[in-house]
Amino acid sequence: MIKRMVIMLVAVAIVFGAIFGFQAFKAAMIRKFIAAASSPPQTVSAARAAYSEWQPTIEAVGSLRAVKGADLSLEVSGVVDSILFNSGDDVEKGALLLKLRAADDVAKLESLQAMAELSEITYERDQKQFKLQAVSQATLDTDAANLKNAKAQVAQQQAILDKKFLRAPFAGHLGIRAVDLGQYLSPGTVIVTLQELDPIFLDFFVPQQVVDQIRLNQPVTARVDAFKDRTFAGRISAINPKVDTGSRNVQIRATLQNPDHKLLPGMYATVDIATGAPQNYITLPQTAITYNPYGDTVYVVVDGKSKGDGKGKGDGVDGKPQLIARQTFITTGTTRGDQVAVLKGVAEGDMVVTAGQIKLHNGSAVLIDNSVTPTADAAPVPIDR
């Protein structure tokens, strides 16, 4: 009886041992399969975090305006008799540009001048007669009044005649002629534009929060789309003493040197205002930053082990440690073109993923391929393709 019981217990132990052994073997094989089927390394581009010198600036946009500029026209109507300029000419102040037909006005002026000369002769003759008491004081007073009236009429007619002559009110560069010989002009018809181009004004607005950083004679640099590879230097010449109540912005005016007349009134321009001493910041391409409501992050590439026995055997690829991406929270500062300053979270020399991080998670294995990298230009220029 006892012998049978022992045989039964041994058989039961063998059966349960086989069952538990199979389960342990199955779990080990599952773990091995899952380990073998882990995600392959993701290919990304990466760059070393490094310090660079930043000049603190305020950037604004504005438009160019001539120091002196006017669309020239006449106050009176008439027919164009002669045009004395060509489109695009540079003219001096007072240069005669255009005449209207004025024969009748000239004739009337000569008539009034004759009357004024007669009145002056009469007055001088009566002065002599008055000394001899040949005429009365009343007659002399009437002669004096007639002479003043005649001279006033001459001056009035001369003013009317002068209005039929267009002269340059200041030295500058003429635009395209808008009238033709023999054309009838009504008062106010634009004949040509005249612009003084050197120097030239740049008007722009800045928020009221930065007004304390703006001062007269502060250096600025301007860029326009027409000359992408060139900057224009100038200085702040005026600060509006009133803040716009609608936008809470303050209008600023800078004066730029424009000796070659490249800058034209009406152009759109971007202006940079230097506001302090240069500073050193750790700089990364903006593509490296993942912006989230809960905080900005980057992926820092570090050496790690994802396979093998932990002692170097089978770790990484070809015996080399495998690269792992670790997600790190950072604090960002100001931006400059394609670059962003990192104030906290990344140290100098850290390898940071710059592209491809959308397919990563914390601990992902990565391979670095910098054959194609995102731009990190401090002053990028748009290019039409």
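At a glance:
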quantity: Residue under evaluation T122, criteria (1) free of Cβ contacts under 8 Å to residues at least 12 places away in the same chain; (2) surrounded by 15 or more Cβ atoms within 10 Å (Cβ to Cβ); (3) part of a helix (DSSP H, G or I), criterion not met; calculated: (1)
quantity: Candidate set: segment 156-169, residues that are modelled with pLDDT of 90 or more and surrounded by fewer than 19 Cβ atoms within 10 Å (Cβ to Cβ); chosen: the one nearest to L64 (Cα to Cα); calculated: P169
quantity: Residues of segment 223-248 that turn out to be within 18 Å of the chain's Cα centre (by Cα) and over 20 Å from R65 (Cβ atoms), as a count; calculated: 2
quantity: Selected residue (criterion: surrounded by the most Cβ atoms within 10 Å (Cβ to Cβ)) from residues of segment 188-246 that are under 22 Å from M267 (Cβ atoms) and polar (S, T, N, Q); calculated: Q195
quantity: Conditions (1) surrounded by 15 or more Cβ atoms within 10 Å (Cβ to Cβ); (2) part of a helix (DSSP H, G or I); number of the one not met by A107; calculated: (1)
quantity: Test set (1) assigned by TED's automatic domain parsing to the domain that holds I236; (2) at pLDDT below 80 - I19 fails condition number; calculated: (1)
quantity: Spans of strands (runs of 3 or more DSSP E) in segment 214-318 with at least 2 residues modelled with pLDDT of 90 or more, over 26 Å from P56 (Cα atoms) and not polar (S, T, N, Q); calculated: 296-304
quantity: Residue within segment 182-199 that is part of a helix (DSSP H, G or I) and in contact with a strand residue (DSSP E or B) (Cβ under 6 Å, 6 or more places away or on another chain) present; calculated: no
quantity: Members of segment 169-181 that are in contact (Cβ under 8 Å) with a residue 24 or more places away in the chain and assigned to a loop (DSSP other than H, G, I, E, B); calculated: P169, F170, A171, G175, I176, R177, V179, D180, L181
quantity: Some residue of segment 160-168 being in a helix (DSSP H, G or I) and either of a type in the set (A, V, I, L, M) or over 27 Å from L100 (Cβ atoms) (or both); calculated: yes
quantity: Segment 43-75: number of residues that are among the aliphatic types (A, V, I, L, M) and within 30 Å of R167 (Cβ to Cβ); calculated: 6
quantity: Filter result (within 9 Å of V44 (Cβ to Cβ) and among the small types (G, A, S)) within segment 353-363; calculated: A355, G356
quantity: Top-ranked residue of segment 334-358 - restricted to ones that are at pLDDT 85 or above and surrounded by fewer than 17 Cβ atoms within 10 Å (Cβ to Cβ), ranked as nearest to T290 (Cα to Cα); calculated: I358
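The values are calculated or read from the model by the stated rules, or taken from the named source; none is laboratory data. Keep in mind that this is a model prediction, so the values were computed, not measured. Cβ: placed from backbone, ideal geometry, glycine included. Neighbour counts: every protein chain shown.
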